[in-house]
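Structure first, then comments.
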Amino acid sequence: MGGKMLRLRLAIIAPLFLLVAFVGAAIADFNYDAYSYPKVFDVRRYGAKPDGKSDSSEAFLAAWNDACQYEGKARVVVPPGEYVTDTILFLGPCKGSMGFIMKGRLTPPDRLSHSDEWITFRYVNGLLVSGHGTFDGKGYVAPTPKPPAISLRFEFINDAVISHIRSLNSRNAHFQLFGSNKIRMHNLLIRAPGNSPNTDGIKIGASTDVHVTNSVIGTGDDCISILGKSSDIYVSQVLCGPGHGISVGSMGFYDNNAENDVVTDVTVTDCTFRGTSDGVRIKTWATANAGLVRNLTFSNIHLDSVDNPIVIDQEYCPYPPCKQVPSRIRIEDVTYDNVWGTSRTAVAVKLNCSKMYGCKGLVLRDINMVQKNGLDAVSFCSHAVGATHGVQKPSPCL
Ligand SMILES: *[C@@H]1O[C@H](CO)[C@@H](O)[C@H](O)[C@H]1NC(C)=O
Ligand SMILES: *[C@@H]1O[C@H](CO)[C@@H](O)[C@H](O)[C@H]1NC(C)=O
């Protein structure tokens, strides 16, 4: 090989190097963390055993704690295999952004050391929970009832992506968000038997800017429930069933100040409900607690064999004592746009509003529902005020 050839190669390679260095520098300048390779903290290196028996809690926690001290992008990785952990608190704040990459299957022991929680993430800024793995709460296979632990809690988390995770058979809610902001949840598979109590899919409380998209949720309670002090919630492409549908509330149960019972700016769009007890529902207890539900849109909703497709229930009281005073939760500006399908009961649209305030600014646009047996469905309104546009089946009562 002559010197000429070498020079030619250098002439080609050198600018390439410069280009790579330049682009690299530009990226580093722009957002180093987003483009850098993460440092992996493999729980097996910390002694976790994928034998489906040994308690790996300490190993998981040690991996998290080291990752949390790393000044860069850190990923706790759980390789394939079945692991068992007790209640774990993954605590921040951490020095860089964190990831928990579950590639295996995690199960709890029958008795958890904190009976109401299994896995909790708290005070983390920048969190990815992903990995195509499974959290199996083993809630219903027990010979004896198990204390109702929430499978995955996210408390005071900012800027998180929770995706490509399966959550099965929780003992209480599958996912619960509290005090969290900018949360993107997608490609989740959530399953519990239709008769398993309180197994909500995703409970959103005191949280803002939350998106739940492209997920399949079937449980014994609400697929998604949006609770007080939450706003800017976007739900799209969710298949719900079995379960109790997507709910705002319940609200007004606990005696607390008015600001706790406020939910605003919610969009639920392009969702399907199959065989659920309720479709899209707003529920408030008939108590004297004040609150506000405002600016909700339910659009492109398909209901397939749902007991109660559209529900506003301000007399919500699934178990006594029911106080029977008019609800003081105001419901305003709720739009139902392009809702179609079949109802298993005659009342496909039920708008039972507070005798004290009524509901204001309700909009029904292009509603097309019949009973499952082919008969016409009906609407029920009480203290409901608003407007209708386009197709209206059942005939409206607004
Ligand atoms: C209603 O909520 C949507 C988001 O769901 C938001 O874009 C819109 O600005 C809100 N409207 C008002 C009047 O607050
Ligand atoms: C509506 O609420 C009233 C109480 O205000 C209750 O008695 C009634 O049963 C409810 N109607 C329906 C159809 O749920």
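The values are calculated or read from the model by the stated rules, or taken from the named source; none is laboratory data. In this text the structure is predicted, and so the values were computed from the model without any measurement. Neighbour counts run over all protein chains shown; Cβ positions are idealised from the backbone, glycine included. Protein only, heavy atoms only, side chains kept; ligands, DNA and RNA dropped before computing areas. Shrake-Rupley method; radii C 1.70, N 1.55, O 1.52, S 1.80 Å.
Here are a few things to note about the model shown:
- Principal-axis analysis of the Cα atoms of the chain puts helix 3-35 at an angle of about 40° to the longest axis.
- Only Lys, Arg, Asp and Glu carry charge here, each on its Cβ (+1 for the first two, -1 for the last two); on that basis the chain has a dipole of about 860 debye about its Cα centre.
- Distance between the C-alpha centres of the range 229-286 and the range 345-397: 18 Å, rounded to the whole angstrom.
- Cα shape, the range 70-116, gyration tensor, a/c 1.5 rule: oblate
- Residue among S225, Y254, I190 farthest towards the positive dipole end of the chain, charges placed on Cβ: I190
- Antiparallel DSSP beta bridges within the chain, as percent of all bridges there, nearest 5: 0
- Here S379 sits with roughly 30 square angstrom of accessible surface, probe radius 1.4 Å.
- Rolling a 1.4 Å probe over the protein chains gives C94 an accessible area of about 30 Å².
- Cα-based helix-to-principal-axis angle, 57-69 vs the chain, degrees rounded to 10: 70
- The accessible-area ordering, largest first, of the residues V266, V347 stands as V347, V266, per a 1.4 angstrom probe.
- Count Lys and Arg as plus one, Asp and Glu as minus one, and take only other residues whose Cβ is under 9 Å from that of A160; the net charge is then +1.
- For the range 282-378, the solvent-accessible area works out to 41 Å² per residue, with a probe of 1.4 Å and every protein chain left in place.
- On the chain, 54 percent of the accessible area sits on carbon and sulfur atoms, based on a 1.4 Å probe.
- Only lysine pairs 8 or more places apart or on separate chains count here, and in the range 222-398 those with Cα atoms under 17 Å apart total 10.
- Taking all protein chains as shown and a probe of 1.4 angstrom, Y336 keeps an accessible surface of around 0 Å².
- Sequence-separation-based contact order of the chain, relative, with Cα cut under 8 Å and 6+ spacing, percent: 7
- When the Cα gyration tensor is reduced to axis lengths a ≥ b ≥ c, the ratio a/c is 1.5 or higher for the chain, and with a/b above b/c it is classed as prolate.
- Net charge over other residues, Cβ less than 15 angstrom from the Cβ of L89 (K, R count +1; D, E count -1): -3
- Theoretical ellipticity at 222 nm over the chain - DSSP helices of four or more residues, -39500 (n - 2.57) apiece, nearest 500: -4000 deg cm²/dmol
- Each Lys and Arg adds +1 at its Cβ and each Asp and Glu adds -1 at its Cβ; summed about the Cα centre, the range 222-398 shows a dipole of about 360 debye.
- Amide proton proximity set for K350, modelled H, under 5 Å, gap of 5+: I310, V311, I312, F380
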